[in-house]
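Visitor: My questions will all concern the structure given below.
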Amino acid sequence: MKFIAVFIVGLLPMQLLLGQQQSRTHVLKYTLNGVTTEISFINNTTAHIFKYRGSNRPDKHSLVVLNSRDAPVKTETSMGQQDNQFIIQSAGLRVELSKIDGTLQFYNNKDELLIAECPDQPADQQVDQHGFEKIDDSITHVAASFALSNGEAIYGLGQHQTGVMNQRGQTILLRQTNMDIAIPFLQSTKGYGLYWDNYSATIYHDSAGKMSLTSEAGSCIDYYLIAGENADAIIGGYRKLTGTVPLFPLWSFGYIQSRERYQSQAQVVGVVKKYRELKVPLDAVVQDWQYWGVNDNWNATRFDNPSFSDPVSMIHSVHQMHAKLLISVWPSFGGKSKIYQEMNSKNMLFNFPTFPRMKSVKVYDAFNPEARNVYWKYLNKNLFMKGIDGWWLDATEPEQINTGKGHEPDAFNTAFIKDTKTYLGNYRSFTNAFPFETVNGVYTHQRAASSDKRVFILTRSAFAGQQRDGSMVWSGDITSSWQTLKRQIPAALNYSLSGLPYWNADIGGFFSGTNYPGGNKDLLYRELYIRWLQFGVFTAMMRSHGTNTPREIYQFGKPGDITFDIIRKYIGWRYTLEPYIYSTAWNITAKNASLMRALVMDYPGDKNVYDLGSEYLFGNAILVAPITDSIFDKTSDSLDLASTVKQKIYLPRGDWYDYNTDKRLGGHRTIVQAYTLTTMPVFVKSGSIIPLATVSEYSSIQHFKNLTIKVYPGRNADFELYEDEGDNYNYEKGKYSIIKFVWDDRAKTLTIDKRQGDFNLMIRKRTFEIKVAGLNRLKTVEYDGSRKVVRF
């Protein structure tokens, strides 16, 4: 039975409607001075706030949120009022609405204030006190302000190249560009996350204890407040709201070689062949642009270049050598291409200028579902059906070029795209969601076409919810410099704190020619490249790419040369860590974990880590502090293995083991250690278990047959080793196995539990070598799936 109560309070122009359904899910609807506020709960820890002018509710369907009002989740809530507040609450979150000014306050289930709306808007945002400003008949700025606490740290908002970790005190334009990724989701050390469900350019502004979000376009203020005890819980709530993360294929966690660009299929095959001859691990090679030929045929999504005359043979040759091939595809097309002609005939192309600077090249309307169908039709017929293994969706911002007298567009870019229309409406209202729509189109179409090959999409831009679409971002066309390398770390960590777990950067930087015209012959570039490669081991994708300077290992010398040997060592490290990385990837999919973890995620009470953007946890156990300073100078005539750089490293509370030496160190302090070119700061948390594989030439579960299980004692520990078939979706049907390892620190025993699960080609009998850091003893266990106990 549906029950509705109407209260008229005093003589003020306000109204409260309480709607109660059998599910006991409540919606609080309150109108004050012509602005209506609706509060509902998505689940016990997530509240949805929806504000609009007038009595007619905007008909908005979220592009990103899965549990929109079209498919509400039934959550038990209670409602009431006290003094000048109306109250709606669930088991995990309470929202109080002021009867006087309509502002909201949010409390967790411990009665602690998380965040509160401010009753006024900042003057510089030019919106009224309710957060709305009509610009013209087609556009309305919308904004909301919130009071923040002293000492509160804010993270997320996507990827930005500022070098800043904690976003307090910052002003950030959230607009998709080449090297900036706009995600209107933030989280706080106070235990909440806020997703601002708006797709237009948005300004985040934080000053004098007040944070505001102002969007260029919108018919309503629409946001979600997520309460969580820690960053993992907040990210878990965000992914419940916007989508969980599918599992990438195992090969994608190996070493990937790329270049701008391979000019023939012989070059592509030759790269893989050379790596195999050198016995250096490699899992994939990437073909960049112009395999389609001339620019009038730009991004024809087919091999029209005569130098790629037999693509099926090329792909087959790569596969025969146990490697994969990724291909570059753009969202824009040249006038002579068939895909352009079909989309143009159906009015599916935008008119704004894009790269390359040719009038005949246009971007497609990814907001149009039929345009996404056409896009996939060509990708499928010309590329996927020929055997392509993964997509490099480049320039998914999409790239826009300002042609107006050399001036940059204004903050909201309104004049630049004022007249551009999409399938959904004015382009300004949806601009930031373009990467989400185009990536989602490829993901959903490939999933429908085949379950035998997992979707893998490398892309330059992202939006909220894109984690559900099998995408990995890279940080754009960055410059080769030490400063740029430094800035990648906080950029990556804030991206991860935005709820999207998979990030990487061009190893060595994309543009190397300005700072290092000598390319890989320049000793100083070699040093930078080595340090970047070391960092790349501990990112989601270890991928070498750039222009000006070829990056294949043999471009840096031969076996026995310093640079070559260090590169080979760290590529080998990556493969040694693959069982740990792949198991963490499973935790991302199954348990909403994160791979690159800002230290604040695991040590939220330690204010020493609030602004620390120079180190992080890789998974739950490994602490990495990449070296981002040079040892050598311009007078150096050679690289050596004796010179060192001193690195400051903060070790949080607890004990830590130096990964290189097994030396045990106390935490909650800063240490300074010297590192040669061949070493880097890597530490393992006391109370950790890490499975290590032998170095293999490519990724395969079969290469995990003999593993070293390294225990780092000092506390009890456990680890779940995840394995499956590697590159299909059978894991969604339960085709996988988990082996749990448990270390009892007091008894000095390692228990290997009975294996759970099964899958095709699973290793039935295998060998584990058990090592305990600090003990000079090694024990070998023959494991057949039954429980084993190893005593030290």
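The values are calculated or read from the model by the stated rules, or taken from the named source; none is laboratory data. This is a predicted model, so every value here is computed, not measured. Don't worry about glycine lacking a Cβ; one is built from the backbone with ideal geometry, like all the others, and counts go over all protein chains shown. Quick note on the areas: whole protein, heavy atoms, side chains included, nothing else; ligands and nucleic acids left out. Shrake-Rupley method; radii C 1.70, N 1.55, O 1.52, S 1.80 Å.
Visitor: Any chance you could count how many residues in the range 211-236 are part of a helix (DSSP H, G or I) and either in contact (Cβ under 8 Å) with a residue 60 or more places away in the chain or open to solvent by 10 Å² or more (accessible area, probe 1.4 Å) (or both)? Spell out the reasoning first.
Guide: If we filter the range 211-236 for residues that are part of a helix (DSSP H, G or I), which is where we start, we get 231-236.
Those still in the list that are either in contact (Cβ under 8 Å) with a residue 60 or more places away in the chain or open to solvent by 10 Å² or more (accessible area, probe 1.4 Å) (or both) too: 231-233, 235-236.
Selection size over the range 211-236: 5.
Visitor: Also, quick follow-up: If we keep just the residues of the range 247-286 that are under 18 Å from Thr549 (Cβ atoms) and in contact with a Pro (Cβ under 7 Å, 6 or more places away or on another chain), which is least open to solvent (accessible area, probe 1.4 Å)?
Guide: Checking each candidate, the answer is Tyr255.
Visitor: If we scan the range 498-512, do we find a residue that is open to solvent by 10 Å² or more (accessible area, probe 1.4 Å) and either closer than 21 Å to Asp288 by Cα or among the polar types (S, T, N, Q) (or both)?
Guide: Keep residues of the range 498-512 that are open to solvent by 10 Å² or more (accessible area, probe 1.4 Å), which gives 510-511.
Those still in the list that are either closer than 21 Å to Asp288 by Cα or among the polar types (S, T, N, Q) (or both) too: 510-511.
Taking every residue of the range 498-512 in turn, at least one turns out to be open to solvent by 10 Å² or more (accessible area, probe 1.4 Å) and either closer than 21 Å to Asp288 by Cα or among the polar types (S, T, N, Q) (or both).
Visitor: Can you pull out every residue in the range 83-97 that is of a type outside the set (S, T, N, Q) and either part of a strand (DSSP E or B) or buried (at least 18 other Cβ atoms within 10 Å of the Cβ) (or both)? If you could, list the steps in order and put the result at the bottom.
Guide: We begin by selecting, within the range 83-97, every residue of a type outside the set (S, T, N, Q); these are 83, 86-88, 91-97.
Those that are of a type outside the set (S, T, N, Q) and either part of a strand (DSSP E or B) or buried (at least 18 other Cβ atoms within 10 Å of the Cβ) (or both): Phe86, Ile87, Ile88, Gly92, Leu93, Arg94, Val95, Glu96, Leu97.
Visitor: For the range 520-636, please list each of the strands (runs of 3 or more DSSP E) lying entirely inside it that holds at least 2 residues being more than 30 Å from Asn730 (Cβ to Cβ).
Guide: Working: elements: 542-544, 616-618, 622-624.
Ranges flagged: 616-618, 622-624.
Visitor: Among the residues of the range 140-183, what is the count of those that are touching a residue at least 40 places away in the same chain (Cβ under 8 Å), part of a strand (DSSP E or B) and over 13 Å from Ala462 (Cβ atoms)? Give the steps one after another, and end with the answer.
Guide: Within the range 140-183, the first condition is being touching a residue at least 40 places away in the same chain (Cβ under 8 Å), and the residues that meet it are 140-151, 153-167, 173-183.
Then drop every residue that is not part of a strand (DSSP E or B), which leaves 140-147, 154-159, 173-174, 181-183.
Adding the requirement that they be over 13 Å from Ala462 (Cβ atoms) leaves 140-147, 154-155, 173.
Going through the range 140-183 one residue at a time, the tally reaches 11.
Visitor: Continuing with this model, one more query. Does Arg468 satisfy the criteria of being of a type in the set (Lys, Arg), modelled with pLDDT of 95 or more, under 21 Å from Val374 (Cα atoms) and part of a helix (DSSP H, G or I)?
Guide: On the way: of a type in the set (Lys, Arg): yes; modelled with pLDDT of 95 or more: yes; under 21 Å from Val374 (Cα atoms): no; part of a helix (DSSP H, G or I): yes.
It is false that Arg468 is of a type in the set (Lys, Arg), modelled with pLDDT of 95 or more, under 21 Å from Val374 (Cα atoms) and part of a helix (DSSP H, G or I).
Visitor: Let me ask something else about it. Leu641 - would you say it is over 24 Å from Ile235 (Cβ atoms), surrounded by fewer than 20 Cβ atoms within 10 Å (Cβ to Cβ) and in contact (Cβ under 8 Å) with a residue 60 or more places away in the chain?
Guide: Values: over 24 Å from Ile235 (Cβ atoms): yes; surrounded by fewer than 20 Cβ atoms within 10 Å (Cβ to Cβ): yes; in contact (Cβ under 8 Å) with a residue 60 or more places away in the chain: yes.
Yes: the conditions hold for Leu641.
Visitor: Something else: Being at pLDDT 95 or above, out of contact with any helix residue (DSSP H, G or I) (no Cβ under 9 Å at 6 or more places or on another chain) and open to solvent by less than 50 Å² (accessible area, probe 1.4 Å) is true for just one of Trp330, Trp298. Which residue is that? Spell out the reasoning first.
Guide: Numbers: Trp298 fails: out of contact with any helix residue (DSSP H, G or I) (no Cβ under 9 Å at 6 or more places or on another chain).
Exactly one of Trp330, Trp298 is at pLDDT 95 or above, out of contact with any helix residue (DSSP H, G or I) (no Cβ under 9 Å at 6 or more places or on another chain) and open to solvent by less than 50 Å² (accessible area, probe 1.4 Å), namely Trp330.
Visitor: Considering only the range 199-210, state which residues are surrounded by 24 or more Cβ atoms within 10 Å (Cβ to Cβ) and either among the acidic types (Asp, Glu) or more than 18 Å from Thr420 (Cα to Cα) (or both).
Guide: Thr202
Visitor: Residues being open to solvent by 10 Å² or more (accessible area, probe 1.4 Å) and either of a type in the set (A, V, I, L, M) or free of Cβ contacts under 8 Å to residues at least 24 places away in the same chain (or both): count how many of those fall in the range 518-548. Give the derivation first.
Guide: From the range 518-548, those open to solvent by 10 Å² or more (accessible area, probe 1.4 Å) are 518, 520-524, 526, 547-548; that's our starting set.
Next cut, either of a type in the set (A, V, I, L, M) or free of Cβ contacts under 8 Å to residues at least 24 places away in the same chain (or both) only: 518, 521-524.
Number satisfying all stated conditions: 5.
Visitor: Let me ask another. List pairs: first in the range 369-383 and under 18 Å from Pro311 (Cα atoms), second of a type in the set (Lys, Arg) and open to solvent by less than 40 Å² (accessible area, probe 1.4 Å), Cβ under 6 Å, 6+ apart or cross-chain?
Guide: Hits for this filter: zero, empty list.
Visitor: Does Val374 count as closer than 29 Å to Arg276 by Cα and β-branched (Val, Ile, Thr)? Give the derivation first.
Guide: Working: closer than 29 Å to Arg276 by Cα: no; β-branched (Val, Ile, Thr): yes.
No.
Visitor: Which pairs have Cβ atoms under 6 Å, sit 6 or more apart or on different chains, and link a residue in the range 328-340 that is within 13 Å of Asn382 (Cα to Cα) and assigned to a loop (DSSP other than H, G, I, E, B) to one that is of a type outside the set (Asp, Glu) and open to solvent by 10 Å² or more (accessible area, probe 1.4 Å)?
Guide: Ser337/Asn297
Visitor: Being acidic (Asp, Glu), closer than 20 Å to Asn706 by Cβ and modelled with pLDDT of 95 or more: is that true of Asp784 here? Before you say what the answer is, go through the steps one by one.
Guide: Working: acidic (Asp, Glu): yes; closer than 20 Å to Asn706 by Cβ: yes; modelled with pLDDT of 95 or more: yes.
Answer is yes for this residue.
Visitor: Would you please name the residue that is farthest from the chain's Cα centre (by Cα), looking only at residues in the range 715-773 that are surrounded by 15 or more Cβ atoms within 10 Å (Cβ to Cβ) and among the small types (Gly, Ala, Ser)?
Guide: Ala773
Visitor: Kindly provide the set of residues from the range 171-187 that are surrounded by fewer than 24 Cβ atoms within 10 Å (Cβ to Cβ), polar (S, T, N, Q) and over 17 Å from Trp503 (Cα atoms), ordered by number.
Guide: Thr171 - this is the single residue of the range 171-187 that is surrounded by fewer than 24 Cβ atoms within 10 Å (Cβ to Cβ), polar (S, T, N, Q) and over 17 Å from Trp503 (Cα atoms).
Visitor: Check off (1) modelled with pLDDT of 90 or more; (2) among the aliphatic types (A, V, I, L, M); (3) outside any loop (DSSP other than H, G, I, E, B) for Ile100 and give me the number that stays unchecked.
Guide: (3)
Visitor: Going through the range 368-393 one residue at a time, which ones are out of contact with any Lys or Arg (no Cβ under 6 Å at 6 or more places or on another chain) and open to solvent by less than 10 Å² (accessible area, probe 1.4 Å)?
Guide: Initially, the range 368-393 is screened for residues out of contact with any Lys or Arg (no Cβ under 6 Å at 6 or more places or on another chain), giving 368-381, 383-388, 390-393.
The answer is Ala371, Val374, Tyr375, Leu379, Leu383, Ile388, Gly390, Trp391, Trp392, Leu393.
Visitor: Could you pull out the residue among Thr678, Thr661 that is modelled with pLDDT of 95 or more and open to solvent by 50 Å² or more (accessible area, probe 1.4 Å)? Walk me through how you get there before you give the answer.
Guide: Values: Thr678 fails: open to solvent by 50 Å² or more (accessible area, probe 1.4 Å).
That would be Thr661, the only listed residue that is modelled with pLDDT of 95 or more and open to solvent by 50 Å² or more (accessible area, probe 1.4 Å).
Visitor: Identify all residues within the range 278-314 that are farther than 22 Å from Val361 by Cα, over 31 Å from the mean Cα position of the chain (by Cα) and not hydroxyl-bearing (Ser, Thr, Tyr); write none if there are none. Talk me through it step by step, then tell me what you get.
Guide: Here is the first cut: in the range 278-314, the ones farther than 22 Å from Val361 by Cα are 278-286, 307-314.
With over 31 Å from the mean Cα position of the chain (by Cα) added as a condition, the list becomes 278-279, 307-314.
Leu278, Lys279, Phe308, Asp310, Pro311, Val312, Met314, listed by residue number.
Visitor: OK, next. Is it the case that the range 46-60 has a residue that's open to solvent by 50 Å² or more (accessible area, probe 1.4 Å), assigned to a loop (DSSP other than H, G, I, E, B) and of a type in the set (S, T, N, Q)? Spell out the reasoning first.
Guide: Residues of the range 46-60 open to solvent by 50 Å² or more (accessible area, probe 1.4 Å): 53, 55-57, 59.
The next check asks that each one be assigned to a loop (DSSP other than H, G, I, E, B); those that pass are 55-57, 59.
Filter again for of a type in the set (S, T, N, Q), leaving 55-56.
Looking through the range 46-60, at least one residue is open to solvent by 50 Å² or more (accessible area, probe 1.4 Å), assigned to a loop (DSSP other than H, G, I, E, B) and of a type in the set (S, T, N, Q).
Visitor: I've got another one for you. Considering only residues that are closer than 12 Å to Glu552 by Cα, small (Gly, Ala, Ser) and not in a helix (DSSP H, G or I), which ones fall in the range 256-315?
Guide: Once the filter is applied, which keeps residues that are closer than 12 Å to Glu552 by Cα, small (Gly, Ala, Ser) and not in a helix (DSSP H, G or I), the range 256-315 yields only Ser258.
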